[in-house]
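Below you'll find the structure, written out as structure tokens, and then a few comments.
The values are calculated or read from the model by the stated rules, or taken from the named source; none is laboratory data. Keep in mind that what you see is a predicted model, and the values were worked out from it rather than measured. Cβ atoms come from the backbone with ideal geometry, glycine included; neighbour counts cover every protein chain shown. Areas reflect the complete protein model, heavy atoms only, side chains present, ligands, DNA and RNA absent. Shrake-Rupley method; radii C 1.70, N 1.55, O 1.52, S 1.80 Å.
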Amino acid sequence: MGHFIAHANANGILLMKYQTYQAHSDLMANMRVFTQAAVKTMSNPWLIKQPGIRKLTAAYQVFASTAVTHTRPDFGIATILAGASDQPVTVHEVIAHHAPFGKLLHLKKEGISGQPRVLIVAPMSGHFATLLRETARSMLADHDVYITDWHNARDVPMAAGRFGLDEYAEYLITFLEVMGPGSHMVAICQPCVAALVATAIMAEDGNPAQPRSLTLMAGPIDTRINPTKVNELATSKPMQWFEQNLISTVPQRHLGAGRRVYPGFLQLSAFMGMNLERHVNSFKGLYQQLLDGDLEKANTTRAFYEEYFAVLDLTAEFYLETIRDVFQEYALPLGTMKWRERLVNLAAIKHTALLTIEGEHDDICAIGQTVAAQELCSSIPAYMKQHYMQTGVGHYGVFSGRRWNREVYPVVREMIQASQ
């Protein structure tokens with residue numbers, strides 16, 4: 001969770017914290033309008049040849065790349081190689097179900113049918129579901145892909161009510177019901193807990209839409225095992241500290257005015273602080289790339305930060321309940337987790353195949369935290385369980401990058417195929 005330490009102890013100050021950020025954001029936006037206009041002016045072929053102008057243009061472009069936004073980027077998956085002929089097919093984004101805090105997005109392929117239906121459960125951790133663009137692109141080759149497209153809490157009116165862990169799991173149940181019986185679920189990172197809860201509730205209720213297979217990737221099922229710095233932070237402070245210091249109120253200018261949230265800009269600050277030197281070096285590299293005219297590398301860096309700096313706010317209840325139940329009280333592994341005041345019984349899961357995946361160098365969800373689900377799901381037959389540990393990768397390497405595509409994804413695909 002967050003590593004950003006704020007200093008506030010009253011609701012008025014919490015509101016001011018968000019307003020101060022908004023005022024600074026507006027100022028920076030105006031400055032970027034100026035720099036963008038300047039870059040356009042200095043793009044004159046004669047001017048750009050001047051060393052001083054070239055350096056200034058590169059600096060302005062780097063500054064423009066630091067913009068923090070609050071709207072979801074495009075998935076940008078227009079075509080995919082799929083089907084028996086492995087030919088390009090068009091992909092359409094279709095809203096299969098819409099709810100206040102998120103929608104079920106269907107990445108529908110033209111002319112392809114009969115592939116296993118898969119729900120990719122994206123984290124609600126300060127970034128949009130497009131952070132899993134590469135995951136979705138890989139899975140589209142062999143599957144009918146749906147994904148949880150979470151909304152920015154600051155844009156959800158107060159009339160929509162609360163959204164905590166109960167509601168998160170309920171959304172997953174509803175999404176699976178919309179997709180229909182025989183679907184599969186792949187949860188990545190934080191939502192592994194909610195995905196396991198939803199599967200248990202559906203199994204106990206005999207819900208025909210309970211997933212045929214459940215893949216949990218780098219998720220905090222039991223954070224007592226090999227605790228990371230993230231885990232240690234979550235247990236180093238009482239719940240009251242998190243509520244007083246990390247929860248703000250959405251200002252009046254937004255649709256969700258008055259809603260208490262854990263702001264995305266705080267989460268981004270936390271992520272940046274964890275690897276500040278690496279990010280500073282990335283922007284230094286971007287400046288040099290622009291100066292050298294290496295636009296291919298520069299565009300790759302800018303595309304990464306365009307995604308990384310697109311943030312969403314989390315509802316206060318979801319953030320605080322996650323801290324309490326997952327990181328402080330270990331509710332799921334200790335058997336005390338409840339859904340709608342109903343004790344969650346993982347032993348009720350009997351017909352859903354289980355795959356757990358971990359990364360060797362994961363410093364967010366360490367080795368052992370996700371595989372713990374194997375023992376907790378005691379009623380799943382051994383032949384329907386599998387664990388895979390990917391060597392040489394950290395947290396993000398589990399679901400993106402070369403190793404994901406070449407080594408992890410085939411394991412996921414085979415589990416789903418075997419569970420059809």
- prompt: Treating the beta-carbon of each Lys and Arg as +1 and of each Asp and Glu as -1, no other charges, what is the dipole magnitude of the stretch 294-420 about its Cα centre, to the nearest 20 debye?
  reply: 520
message: Filter Lys237/Lys385; Lys237/Lys338; Lys229/Lys338; Lys229/Lys350; Lys103/Lys338 down to the pairs with a C-alpha to C-alpha distance above 29 Å, please.
response: Lys237/Lys385; Lys229/Lys350
- prompt: How long are the three semi-axes of the equivalent ellipsoid of the stretch 153-198, in whole Å, if each is the root of 5 times an eigenvalue of the C-alpha gyration tensor, listed from largest down?
  reply: 22, 14, 9
- prompt: If you take the alpha carbon radius of gyration of the stretch 307-374 and divide it by 2.2 N^0.38 Å, what ratio comes out, to two decimals?
  reply: 1.37
- request: Given the peptides 120-126, 105-111, arrange them by the average over their residues of other C-beta atoms within 10 Å, most packed first.
  value: 120-126, 105-111
query: Check His97: other-chain or 5+ apart residues with amide H under 5 Å from its amide H, H built from backbone geometry?
result: Leu104
- request: Order the peptides 259-266, 397-404, 205-212 from the highest to the lowest mean number of other Cβ atoms within 10 Å of their residues.
  value: 259-266, 397-404, 205-212
field: Phi to ³J(HN,Hα) by Karplus 6.51 cos²θ - 1.76 cosθ + 1.60 over the stretch 152-168, Hz, x for Gly, Pro
entry: 6, 4, 6, 9, 9, x, 4, 4, 6, x, 8, 8, x, 4, 4, 5, 4
- prompt: What whole-number value in Å² describes the accessible area per residue of the stretch 164-274 for a 1.4 Å probe?
  reply: 31
- line: Dividing the mean separation of Cα pairs under 8 Å (6+ apart) by the residue count of the stretch 154-227 yields a relative contact order in percent of 36
message: Given the stretch 308-420, report the % of alpha carbon pairs whose separation exceeds 24 Å.
response: 41
field: Lys/Arg +1, Asp/Glu -1 at C-beta; the stretch 317-368 dipole; positive extreme among Ala366, Phe318, Gly335
entry: Gly335
task: Evaluate the distance, in nm, between pseudo-label points positioned 7 Å from the Cα of Glu232 and of Thr71 along their respective Cα→Cβ axes.
output: 4.1
task: Within 10 Å, count the other beta carbons around each residue, average over each peptide in 150-159, 330-339, 234-243, and list them highest first.
output: 150-159, 330-339, 234-243
field: Modelled FRET efficiency - R0 22 Å, Met239 with Thr174, Cβ distances, 0.05 increments
entry: 0.15
query: Stretched out fully, how many nm does the piece from Gln420 to His98 gain, at 0.36 nm a residue minus the Cα gap?
result: 113.2 nm
